[in-house]
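**Student:** Mind looking over this structure? Questions follow.
The values are calculated or read from the model by the stated rules, or taken from the named source; none is laboratory data. Everything numeric in this text was worked out from a predicted model, so none of it was measured. Note that each Cβ is placed from the backbone with ideal geometry, even for glycine, and that neighbours are counted across all protein chains shown. With ligands, DNA and RNA removed, areas are computed over all heavy atoms of the protein, side chains included. Shrake-Rupley method; radii C 1.70, N 1.55, O 1.52, S 1.80 Å.
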Amino acid sequence: MGEFLQYLVTGITIGSTFALVALGFCLVYNASHVINFAQGDFVMVGGMSAVFIMAAGVPMALALLLAVGIGGLTGVLLYKGGIQPAKNADAIQLIIITVGAALFLRGVAQVLWGTGYFSMPGFTGDAPIRFLGVVMVPQSLWVIGVTVAIVVALGLFFTRTRLGKAVLATSYNSDAAKLMGIDTSVVLLVSFGLAGALGAVAGVIMTPITFTHYEMGVMLGLKGFVAAVLGGLGSFVGAVAGGLILGITEAMMAGYISSDYKDAVAFVLILLILFFMPSGLFGQRGVERV
Amino acid sequence: MSANSVETTGDAVALAPGARVQTWKDVVFSARYGGFAALVVALLITPLFIDGLYQFDMAILVLINATVVIALNLLVGYAGQVSLGHAAFFGLGGYGTAILATQHDWPALLALAAGVGLVVLIAAVMARPILRLKGYYLAMATLGLGMIIYLILTQESWLTGGPDGMSVAPLEVFGYTVFDELVWYWVLAAILVLMYWIAVNITDSPVGRALRALHGSEVAADNSGINVNHYKSLVFVLSAGVAALMGGLYAFYSGFITPSQAGFMHSIELVVMVVLGGMASLVGAVVGALLLTLLPQYLVVFAEYEWLMYGLVLMLVMIFMPKGLVPTLHGLIRRVLG
Amino acid sequence: MMKKTLPVAALAAAMIGLPAQGMADDPVRIGSFLSASGPASYLGDPQRNTLRLFVDKINEDGGVLGRDVEWQYYDDHGEAGQARTFARRLIAQDQSDIVIGGTTTGATMAAVELFQRQETPFISLAGAVVVVDPVKEWVFKTPETDRMAARQVFADMERRGITKVGLISGTGGFGASGREQARDVADEFGIEIVMDETYSPDDSDMTAQLTRIRGNEDVEAIFNFDFGQAPAIVTRNYANLGIDRPLYQSHGVASEGFLELAGSAAEGVRLPVSPILVADILPEDDPQKAPSMDYLEAYEAEYEERPSAFGGYAYDALMIAVDAIERAGTTDPHAVRDALESTSDFDGVTGTFNMTPEDHMGLDIETSFRMVEIKDGTWSLIED
């Protein structure tokens, strides 16, 4: 029992980070129908910025806020510099632009900060908490707590604010939204900015546990993408569920069966689910987006 | 929308048998005549301008990539089915061939055939369930399949040598061991020309028109009585088989293979070659393979700024030439010519 | 497709009795392909820094054979295919007299056949045994093997009476090869590997695997074989789980970065390290003391950080190459190769090298690895 709980806690912590990345995919996808392959690199930008701003002597709380701001700005710049100018491009060209942006961000990080790994202290210390035979670092609670808070905040944003409703309307039907007077370029800008900030949040809360590194976005982006598709592209509930399912399954696999094929779990899972539910767990069925 | 009215960009401008050949320009700019002639001439004269181990190596890598990308373009550019796992077929073909030839002493060509056969089998089995999916779900499924193959190649080190890869015995055909780069060049050039010719004929055939209709709209293609699933599967299996064949030849040529040949980044690279050169353009596929194979070699002058520049180049080309290099230039030239 | 020199120049050279290459005003060309970025940048980055700095220093001091050293370097991003291409470029295009590189075993092995065929001396910076066993005429290496590291660790366990070990390793090249070697040599020390867990190099949490190992009552010690950030995470997870059995790491974490990342969790961790890591506390009469201090001081002055063992491999490779060229008195590849093979009693920062036709690494266990324990946030030598 103790072991099971341990695997569960581990899985939920990792799963929360996947969920945050998946949410970023969702935001951008809903607004633009683009899969943003630079989403994992937003996470890197957040983590690296936080580490280096702190190293410059800025107090932690302020450094974290600045890092999230830089993440948001990166998202906005990606939209302004890469997506908006490519007005006539199809989805696949836009994907390649985001791949280019991902490599560009990695390149910038390499030049600015080098290829090393960096860490920072946990927000509330690093002394492990033990209960019921389960061990966790306080930062795990931060990761889980912040993820929950973000899901709630996003929910409120989309249901209670004008801007949020505009974003939602655009995601359902961009042409109709335009007819209703919604400025879709603002919606896109906000979505990319939010995705960038969200990625950076993931970066700063993860760094004390997982460290940060100029190439950390590669695998994280891939897992986040899997989580987003698992849940059904565009569904926020799905993204969170997808992330958690992925994290928990991986931890259980490593704990109970074998760690050799732990990484394959994600991909076997996604193939099985897509074969039986071609639009993911929470995706809209029968809608073909061309 | 009927199948033959679908206008695709680039050199694919339909010169279907039976279609009326309009002007000399159509002939010059067609993939069947102009593109083909340009390719053959370029391949014939290239050896006059290059020399040495390294330059021939680059030429050979371009030939290998171009052949893979032409076949992939049939799937991505013509049929509109994005695959983010294609490198896995390349890698699996390479490993299948290498393991049989090196560890089990199979004759080289038999090993190659078996490697290709294995991939064709896997692709044929997976084609139906995977190609049922649409858009990003399809992309995800191909990515997943690719990653599973990649992880197996990495993990089963008793068979594959693990993440550090394995050495491959040189290609031996009828008692003759192929080391010489010039021989490799001509063999691979011939394969590229053959692949190009097959692709031209596919795109000009009823199958090709069906494929293009698919890209336009599956519903329309369905309505016009085309068996959508059948053709999608056909092209999927073909492109996987070609990737496997080239993977096997690459393994023999380079004498070494690692799992990264089957990895995600290599898959992305192949798709980028298709899109950068020009979707649904056969000449574009060759140009895309040429540029992206050589690009990193030129970017080394930027040292630590290399990745940054690479990313920038990808973004700029896609922003300013979303149709890809060849269709964009093609359109430009035709406009100038009137 | 052989290396080509201008036929006229070759003829002229032959007529006046000079070797075709190596005229007095020609630079000595050293080429490198390194994984300075990509998954092995942890190893490759300090190697590039080292070569860049010390080639400059050699030139300031008058070069080699009175000629300048010209250093051409490419980053292979840890891709074996790229490594192979760059090796060709170095040999055919840049006319390198000797090549130092191949940060990872994959990158090295992808290029080995080429150096053999083109008869160009090559000093590899990769760890695995397979690089020099079987011996390849033109291929040498400076890093200790992962087999030696496993032996060192198991020997220390044997001294402490440990017989049952839980192994945990990364699935990257370094970890996978280390895992294989560890399983291979455990028997020699009467050690049984009772748990064998893996994780992928990008994993951010190994608690599940460690919980599994902790659950096995037989395990008397844990051995983590890997490099990069993952062993630091393993160390932290191990400390958090409160596992009361000793933790061993491999030489793959032998850098200051590990101490920083793992923090207080690393207290009590034991591992084999290159002498360079403990240069400060080596006794004065230790053969590695002097070269290590030279390297350390120059590197710190330039980059304001302590060097790692991996940079040390590149330092030794460069110095051995220079030594061999000086002794050969020419850059003729056959002469340089023969000189490399007869390198003897060469005190490097990794150990004392004694190359022979049968041994193209030439390190022995006494002068290379030192067992250390991490105490008070730094390395301390274990007295045996």
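**Student:** List residues of the range C:31-74, by number, whose backbone nitrogen lies under 17 Å from a label position 7 Å along Cα→C-beta of C:K136.
**Tutor:** Within reach of a label on C:K136: C:31-35.
**Student:** Rank by packing, highest mean first: peptides A:10-18, B:49-57, A:94-102, with packing defined as the count of other Cβ atoms within 10 Å averaged across residues.
**Tutor:** Answer by packing, highest mean first, reads A:10-18, A:94-102, B:49-57.
**Student:** Using alpha-carbon pairs under 8 Å, 6+ residues apart, how would you state the relative contact order of the range C:146-273 in percent?
**Tutor:** 26 percent
**Student:** Moving on. Check C:T198: other-chain or 5+ apart residues with amide H under 5 Å from its amide H, H built from backbone geometry?
**Tutor:** Amide H neighbours of C:T198, under 5 Å, 5+ apart: A:S259, A:D260, C:S169.
**Student:** Report in % the part of the accessible area of chain A that belongs to carbon and sulfur, leaving out ligands and nucleic acids; probe 1.4 Å.
**Tutor:** 71 percent
**Student:** Can you list which of the chymotrypsin sites (Phe, Trp or Tyr not before Pro) found in the range C:110-170 are DSSP loop residues with at most 14 other C-beta atoms within 10 Å?
**Tutor:** Here no chymotrypsin sites (Phe, Trp or Tyr not before Pro) fit, given the DSSP loop and packing criteria.
**Student:** Between A:N173 and B:E304, what is the spin-label point distance in nm, taking each point 7 Å from the Cα along the Cα→C-beta axis?
**Tutor:** That separation, rounded to one decimal, is 5.3 nm.
**Student:** When the Cα centres of the range A:63-119 and the range B:144-175 are compared, how far apart do they sit, in Å?
**Tutor:** So the separation of the two Cα centres works out to 34 Å.
**Student:** Compute the long axis of helix C:105-118 from its Cα atoms, compare it with the longest principal axis of the Cα atoms of chain C, and write down the angle in degrees, 0 to 90, nearest 10.
**Tutor:** Orientation of helix C:105-118: about 20 degrees from the principal axis.
**Student:** Here is a follow-up. Probe radius 1.4 Å, ligands and nucleic acids left out: can you give me the accessible area buried at the A-B interface, summed over both chains, in Å² to the nearest hundred?
**Tutor:** Roughly 4000 Å².
**Student:** Where in the range C:192-300 are there GluC sites (Glu not before Pro) that are in a DSSP coil and have at most 15 other Cβ atoms within 10 angstrom of their Cβ?
**Tutor:** Listed in order of number, the matching sites are C:E217, C:E267, C:E284.
**Student:** Rounded to whole Å, give me the distance from the Cα center of the range B:106-121 to that of the range C:232-296.
**Tutor:** 48 Å
**Student:** Say R0 is 25 Å: what FRET efficiency, to the nearest 0.05, do B:V336 and B:F49 get from their beta-carbon distance?
**Tutor:** Step by step, r from the Cβ atoms, then E = 0.35.
**Student:** Please give the average number of partner chain Cβ atoms lying within 10 Å of the Cβ of each residue in B:246-259, rounded to a whole number.
**Tutor:** That average works out to 3.
**Student:** What accessible surface, in Å², does a 1.4 Å probe find on A:L64, ignoring ligands, DNA and RNA and rounding to the nearest 10?
**Tutor:** 30 Å²
**Student:** When ligands, DNA and RNA are left out and all protein chains stay put, how many square angstrom of accessible area per residue does the range A:2-276 have with a 1.4 Å probe?
**Tutor:** Averaged over the residues of the range A:2-276, the accessible area is 34 Å².
**Student:** Show me you know the interface measure: the accessible area buried between C and A, both chains summed, probe 1.4 Å, in Å² to the nearest 100.
**Tutor:** For C against A, buried area totals roughly 2500 Å².
**Student:** Right, another one. If the elastic network links every pair of Cα atoms under 10 Å, which of C:H360, C:H334, C:H77 fluctuates the most in the Gaussian network model of chain C?
**Tutor:** Residue with maximal mean-square fluctuation among C:H360, C:H334, C:H77: C:H334.
**Student:** In Å², and per residue, what accessible area does the range B:260-333 have when probed at 1.4 Å with the other protein chains present?
**Tutor:** About 34 Å² of surface per residue is accessible.
**Student:** Next question. Given R₀ = 56 Å, what would the calculated FRET efficiency be for B:V28 paired with C:E267, taking r from the Cβ atoms and rounding to 0.05?
**Tutor:** Efficiency for this residue pair is about 0.15.
**Student:** Can you give me the accessible area per residue for the range C:146-273, using a 1.4 Å probe, in Å²?
**Tutor:** About 29 Å² of surface per residue is accessible.
**Student:** Give me the accessible area buried between chains B and C, both sides summed, with a 1.4 Å probe, in Å² rounded to the nearest 100.
**Tutor:** Counting both chains, the buried surface is close to 2700 Å².
**Student:** Could you sort the peptides B:136-143, C:345-352 by per-residue average Cβ neighbour count (10 Å cutoff), highest mean leading?
**Tutor:** B:136-143, C:345-352
**Student:** A further question follows. Across the range C:223-234, in residue order, what do the Karplus-derived ³J(HN,Hα) couplings come to in whole Hz, using 6.51 cos²θ - 1.76 cosθ + 1.60 with θ = phi - 60° and x for Gly and Pro?
**Tutor:** 10, 9, 10, 5, 10, x, 7, 4, x, 5, 5, 4
**Student:** Further, regarding this structure: Summarise the partner chain shielding of C:79-92 as one whole number: the mean count of Cβ atoms from other chains within 10 Å of each residue's Cβ.
**Tutor:** Counting Cβ atoms of other protein chains within 10 Å of each residue's Cβ and averaging gives 6.
**Student:** Among B:G311, B:G94, B:G117, which one shows the highest mean-square fluctuation when chain B is modelled as a Gaussian network with alpha-carbon springs under 10 Å?
**Tutor:** B:G311
**Student:** Which residues, if any, in the range C:259-292 lose at least 30 square angstrom of accessible heavy-atom surface (probe 1.4 Å) when the other protein chains sit next to their chain rather than the chain being alone?
**Tutor:** Buried by the other chains: C:L261.
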